[in-house]
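Each remark here refers to the structure printed beneath this line.
The values are calculated or read from the model by the stated rules, or taken from the named source; none is laboratory data. None of the values given here were measured: they were computed from a predicted structure. Counting neighbours? That spans all protein chains shown, and the Cβs are built from the backbone with ideal geometry, glycine included. Heavy atoms of the whole protein, side chains included, go into the accessibility calculation; ligands, DNA and RNA do not. Shrake-Rupley method; radii C 1.70, N 1.55, O 1.52, S 1.80 Å.
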Amino acid sequence: MSLLDGRRVLVLTTNYGTDERELRKPVEALREAGARVTVAAQEEKPVRTLVSDREPGAEIAPDTVIADVEADEFDAVVVPGGTVNADTLRTDEDARRLVTAFAEAGKPVAAICHGPWLLADAGLVTDREVTSYPSLRQDLSRAGGSWIDRKVVVDTDGGFPLITSRRPGDLDAFSSALVQAVQARSPA
């Protein structure tokens, strides 16, 4: 039996601009631990990733579209970074609805790099300890979060586990914290 047998995790992404490493690494870590991972994009077409917001990355086929999924089907949600991805997701009504539903159900919500922009726009960082790519510090602070410069910040005091991380160089710590948070939940 694997650590995450029976657990289902949703990953939210746009179809352009997601950081390739921040999409691939958490998905690989979760799958290696036994979770069933579903990648949901805005449209039914390949996700064109980027590396460091500049270079073309791999194209990744999504499993479904964001508008077609419900939080009650999953145990946790992950929001990868990439400046274009995160800036687009934070204006997506379905993405905001989903992360809010995960939080309201007490399920883990995880975001890395620029991904916490979506959480700020959904009102999920108020009175929470968070981290992100440094350029988001003021945005997260204005949204009521307490920004900390650490590889990964796990805040379990606000009704749902909130896991945030700064950048691709922190992916090992982020992925490990994510697996631990999902493991602590009973399967949906």
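Would you check if L89 is within 12 Å of the chain's Cα centre (by Cα), closer than 18 Å to I163 by Cβ and modelled with pLDDT of 95 or more?
Working: within 12 Å of the chain's Cα centre (by Cα): yes; closer than 18 Å to I163 by Cβ: yes; modelled with pLDDT of 95 or more: yes.
Yes; evaluated as a whole, the condition is true for this residue.
Kindly provide the set of residues from segment 115-137 that are under 20 Å from V179 (Cα atoms) and not small (G, A, S), ordered by number.
Keep residues of segment 115-137 that are under 20 Å from V179 (Cα atoms), which gives 115-116, 119, 129-132.
Within segment 115-137, P116, L119, E129, V130, T131 meet the criteria.
Listed by first and then second residue, the pairs with beta-carbon distance under 6 Å, at least 6 apart or on different chains, first residue in segment 51-65 and more than 11 Å from T18 (Cα to Cα), second open to solvent by 60 Å² or more (accessible area, probe 1.4 Å) and of a type outside the set (D, E, K, R), are A61/P46. Of the residues examined, L140 is not one that is touching a residue at least 60 places away in the same chain (Cβ under 8 Å), touching a strand residue (DSSP E or B) at 6+ places or on another chain (Cβ under 8 Å) and open to solvent by less than 10 Å² (accessible area, probe 1.4 Å). Taken together, the residues in segment 1-29 that are of a type in the set (S, T, N, Q) and within 18 Å of Q180 (Cα to Cα) amount to 1. Just one of the numbered conditions (1) open to solvent by less than 10 Å² (accessible area, probe 1.4 Å); (2) part of a loop (DSSP other than H, G, I, E, B); (3) of a type outside the set (K, R) is not true of G106: (1). The strands (runs of 3 or more DSSP E) falling completely within segment 6-45 that include 3 or more residues that are surrounded by fewer than 23 Cβ atoms within 10 Å (Cβ to Cβ) map to 36-41. Under the condition of being farther than 21 Å from T131 by Cβ and in a strand (DSSP E or B), the residues counted in segment 46-88 number 13. T131 passes every criterion in (1) within 18 Å of L171 (Cα to Cα); (2) in contact (Cβ under 8 Å) with a residue 40 or more places away in the chain apart from (2). Test each condition in (1) in contact (Cβ under 8 Å) with a residue 60 or more places away in the chain; (2) closer than 16 Å to V99 by Cβ; (3) of a type outside the set (G, A, S) for V84 and report the one that comes out false. All conditions pass for V84, except number (2). Of A173, A184, A177, all but one fail to be open to solvent by less than 30 Å² (accessible area, probe 1.4 Å) and of a type outside the set (V, I, T); the exception is A177.
Checking each residue in segment 145-168 for being small (G, A, S) and either part of a strand (DSSP E or B) or open to solvent by 30 Å² or more (accessible area, probe 1.4 Å) (or both) picks out S146, G158, G159, S165.
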